[in-house]
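The values are calculated or read from the model by the stated rules, or taken from the named source; none is laboratory data. This is a predicted model, so every value here is computed, not measured. Note that each Cβ is placed from the backbone with ideal geometry, even for glycine, and that neighbours are counted across all protein chains shown. The area values use the complete protein model at the heavy-atom level, side chains included, leaving out ligands, DNA and RNA. Shrake-Rupley method; radii C 1.70, N 1.55, O 1.52, S 1.80 Å.
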Amino acid sequence: MKEILLLKLGELVLKGLNRRVFEDTLLKNLRRRLSPLGRFDLRARQSTIVITPLSEDVDMDEAADRVGRVFGIATYSRAGVAKKNMESILETGKTYLAPVLEAARTFKVEAKRADKTFPLKSPQICEEMGGFLLEQFPHLSVDVHHPDVTVYVEVRDFGAYVHGNPVRGAGGIPVGTGGKAAVLISGGIDSPVAAWQMARRGLELTAVHFASPPYTSERAEQKVVDLLEQVGQWSGRIRMFTMPFAHIQEEIRDKCPEELFTLLMRRFMMRIAERVARREGCEALITGESLGQVASQTLQAICCTDAVVSMPVFRPLIGSDKADIVATARRIGTFEISIEPYEDCCTVFTPKHPRTHPHLQALEEAELALDCEALIDESFENARVRLIGGPAQGKEGSL
Amino acid sequence: MEHYLDNSSTTKPCKEAVEAALDAMTHTFGNPSSLHALGFAASRALEDARESVAAVLGVSRAEITFTSGGTEANNLAIFGAYEARKKRGRRVVTTAIEHPSVLNPMKELEKRGAEVVYVKPDGDGRISPEVLAQAVTPDTVLVSLMAVNNEVGTVLPIDAAHAAIVRTKAPALLHVDAVQAFGKLPLKPSRRGIDLLTVSAHKIHGLKGTGALYIRKGAHILPHTFGGGQERDVRPGTEGMPGILAFGAACRALPDPQKEAKVIEALNARVRAGLQVLPDVTVLSPADASPYVLSFSAGRVRAQTMLNFLSARGVYVSSGSACAKGAESHVLKAMGLSKDQIDSALRVSFSRDNTEEDCDALLSALAEGMRTLQAAR
């Protein structure tokens, strides 16, 4: 039986004149995500996108999974295709929805008749389908208020479809419609969630990771690659920059007061991330900071780290509780990766008593002992970049 | 010339699997838990293998736990699920035609206080979806059934089991022993409501001693071995790398299942047609069984005798199922076959290595055997 995907757009329908731009970006994102699975026809009609596989051997399970991770879609349904006559619609309802109906106890039918030339009106369609399904599945009963399954019959200009309960989509707005931003990613629980949340608001992602060999291992870096691959299943392709950081940390350790170590390090990270962002055409930075979570995430500390950058810094988790962040991390599949126990650059040389209420002036004075520009240049000279989630997956190069 | 037609017992390891195992013993020999570069390389190889197994099932890597084989995976699934859920009910539903690595854990569960229901097959070895569904009650905590029976090849109604669990709102996990189906029939656990699924490497041209249990993300089971944290503590112990890497390679080497099925169907049809013209031979596998398994009874010739006769001519088949080592088959018995039919039952099982020549060699040796052995009685 022929099967298609029906996608209902989310907030997109609220957009006015920009709507075409949003829709086109969404279609482009969907095409790119589905293309490895075969050929598809995609078309937008009113607030629905219809995806029809053009070859027989398309894996519709995988296609549905992928669509479920594309931002900009409120809900989606897999639907059986019927001919535009009642007999075919009934038959399709019975065979296509059999697995769902077998597992249900109650159901109701809803009909949408966009094609007003169809001889039966919506209530009649419901009545016929309801009666027919009750005959075919004697264990079912009708419940119009809280049914286990709602059977939808959609008669549209271009065909008739039957489907069950729609599945919740990824929500948000299409990646790419909001511009580009660079996320600072360490390997913890928070930064992948922050990246995911901002991609969901339409931003395309670039990632900046700081590696401190020999203090950190290849495994720590691999963990970040794994995390970004997971985020990339939602956000699409991500360019990941790995920036050497050990020498900067050693310099800070040797030449600056111990209690300022973490903040000085954060300031370097922000400077480097901003420079990567500008090269890549990003207009903002993203961090996973949450107010008060650790010493470098107090209000005063954030003021001091913000002072070194001139582009907006998005901190989508700033007001989130850890438990909420963990729940999102579980939902998007990054939690299990994040808890792998490898040292990352943030835990190298941690001071015993980090300053929680730092003064900007003290930090700036401490930095006089360092040749900041030269250290940052050195990091860029040895930086590496790889594309995650694209055709050249994992391929590495230098800058 | 040898004709190996006992592929449901085990398959010949493929070239890719052998090479991967060799690599694990010569190059990638580090302990995946070691933090140095050699350990890291081993852990990457381990995860690649896990990804390859996961890809065949269309699931995520984190849902695959490696075990020492199908038997251990079945034990882990059955005890792990029951112990995790026994507070919510004591009823367990399975079938009378399961592999001993399911049936014997079930007997142990009965000793631990479980009420185990064994759904019986019909005369063709099929499990009725309706009967199975009726066996599932609101206090059922585990439903365990095989995807494809190893002796007669019948395909079991997994979807009906899932529908029954949803319908009765039973707190049950659904376990599927997919050892004979993995890599052969399309089987996406996430689409079919399967929580736990057993697979084995050596039935798909990997090595003996390696299997895996798919554990759906969110499906909690309790371990029954305890150790150093490997395999997310569900099945600790240093990973059996040669077997695991070979398993990954064997998965990657699997041909398109639909194309392979066409070839196997043709071989199966050839043998079925040949059997039909032999007097006194009854085919036991129904027409809708998996094409990989074909069971038949050879008139009044005892299976052991015929097996030895065929073996001497380089044709290798099984009597009943290989695990039973010649004991009377509980599957055929549950199907209600006569003692004569059970005693003379042989099983032919195919793989992608087989050719029409193998089928013809079997048929001619069998014809010769029927003539000489029946006459000698």
Q | segment B:221-377 - Kirkwood radius from inverse mean 1/r over Cα pairs (Å) | A | 18.0
Q | Charged-residue dipole, Cβ positions (Lys, Arg, Asp, Glu), segment A:180-398 about Cα centre, Debye nearest 20 | A | 800
Q) If only Cα atoms are counted, what is the Rg of segment B:70-174, and what is its Dmax, in Å? A) 12.6, 37
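So what is the 222 nm mean residue ellipticity for chain A from helices alone, if each DSSP H run of at least 4 adds -39500 (n - 2.57) and you divide by all residues, rounding to the nearest 500 deg cm²/dmol? Don't skip to the end; give the middle numbers.
Values: 14 runs with 154 residues, N = 399.
After summing the helix terms and dividing by the residues of chain A, the value is -11500 deg cm²/dmol.
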Q.
Please enumerate, by chain and number, the lysines with C-alpha under 17 Å from the C-alpha of B:LYS86, excluding those fewer than 8 residues away in the same chain.
A. B:LYS107, B:LYS111, B:LYS169
Q: Based solely on C-alpha atoms, express the radius of gyration and the Dmax of chain A in angstrom.
A: 26.1, 84
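Where does chain B land at 222 nm, in deg cm²/dmol rounded to the nearest 500, when only DSSP H runs of n ≥ 4 count, each adding -39500 (n - 2.57), divided by all residues?
On the way: 12 runs with 152 residues, N = 377.
Calculated at 222 nm, the ellipticity per residue is -12500 deg cm²/dmol.
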Q. Based on the Cβ-Cβ distance from A:ALA327 to B:LYS208, what FRET efficiency comes out when R0 is 60 Å, to the nearest 0.05?
A. 0.90
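Decide, for segment B:159-296, between rounded, prolate and oblate: order the square roots of the alpha carbon gyration tensor eigenvalues as a ≥ b ≥ c, take rounded if a/c falls under 1.5, and otherwise choose prolate if a/b is larger than b/c, else oblate. Intermediate results must be reported in sequence, preceding the final value.
Values: a/c = 2.52, a/b = 1.52, b/c = 1.66.
The shape class here is oblate.
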Q | Share of Cα-Cα pairs in segment A:3-168 lying beyond 20 Å, as whole percent | A | 53
Q) On a 0 to 90 degree scale, rounded to 10, what angle separates helix B:158-168 from the longest Cα axis of chain B? A) 50
Q.
Can you tell me how segment A:68-132 classifies by the Cα gyration tensor, rounded, prolate or oblate, using a/c under 1.5 as the rounded cut?
A. oblate
Q: Could you give the spread of the C-alpha atoms of segment A:180-398 along their three principal axes, from largest to smallest, in whole angstroms?
A: 45, 38, 32
(Q) Just to make sure I understand: if all protein chains stay in place, what is the order of B:ASP122, B:ASP195 by accessible area at 1.4 Å, largest first? (A) B:ASP122, B:ASP195
(Q) Past the 13 angstrom mark, what percentage of all C-alpha to C-alpha distances in segment A:97-161 do you count? (A) 61
Q: Taking 40 Å² as the minimum loss, tell me which residues in segment A:85-109 lose that much accessible area going from the chain by itself to the full protein complex (1.4 Å probe).
A: A:GLU102, A:ALA103, A:ARG105
Q: Compute from the Cα atoms of segment A:231-330 the Rg and the Dmax, the latter being the longest Cα-Cα distance, and quote both in angstrom.
A: 15.0, 43
Q) Carbon and sulfur together cover what percent of the accessible area of the protein assembly as shown at a 1.4 Å probe radius? A) 52
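Can you give the FRET efficiency for B:LYS111 and B:ALA62, using 1/(1 + (r/R0)^6), R0 = 35 Å, r = Cβ-Cβ distance, to the nearest 0.05?
Details: r = 34 Å, r/R0 = 0.96.
The pair B:LYS111/B:ALA62 has a calculated efficiency of 0.55.
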Q: Determine the total buried accessible area between chain B and chain A, counting protein heavy atoms only with a 1.4 Å probe; round to the nearest 100 Å².
A: 1500
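Could you work out the per residue convex hull volume over the alpha carbons of chain B, in cubic angstrom?
Working: hull volume 47.7 nm³, N = 377.
Spread over its residues, the Cα hull of chain B gives 127 Å³ apiece.
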Q) In 10 Å bins starting at 0, how do the alpha-carbon pair distances of segment B:132-204 split up by percent? A) 21, 52, 23, 4
Q. Quick one: which of B:56-69, B:23-36 comes out on top by average Cβ neighbours within 10 Å, and what's the full order, highest first?
A. B:56-69, B:23-36
Q: Could you calculate the FRET efficiency of A:LYS112 with A:PHE137 from 1/(1 + (r/R0)^6), where r is the beta carbon distance between them and R0 is 22 Å, rounded to 0.05?
A: 0.45
(Q) What are the equivalent ellipsoid semi-axes of the protein assembly as shown, built from the alpha-carbon gyration tensor (square roots of five times its eigenvalues), in whole angstrom, biggest first? (A) 53, 35, 23
Q) On average, how much accessible surface per residue is there in segment A:3-168, in Å², for a 1.4 Å probe, leaving out ligands, DNA and RNA? A) 49
Q: Return the residues of segment B:19-59 for which accessible area with all protein chains present is lower than in the chain on its own by 30 Å² or more; set the probe to 1.4 Å and exclude ligands, DNA and RNA.
A: B:LEU35, B:PHE40, B:ARG44
Q) Residues of segment A:31-75 losing 30 Å² or more of accessible area relative to the isolated chain, 1.4 Å probe, heavy atoms only? A) A:ASP61
Q. With charges set only on the Cβ (+1 for Lys and Arg, -1 for Asp and Glu), what does the dipole of the protein assembly as shown come to about its Cα centre, in debye to the nearest 20?
A. 1780
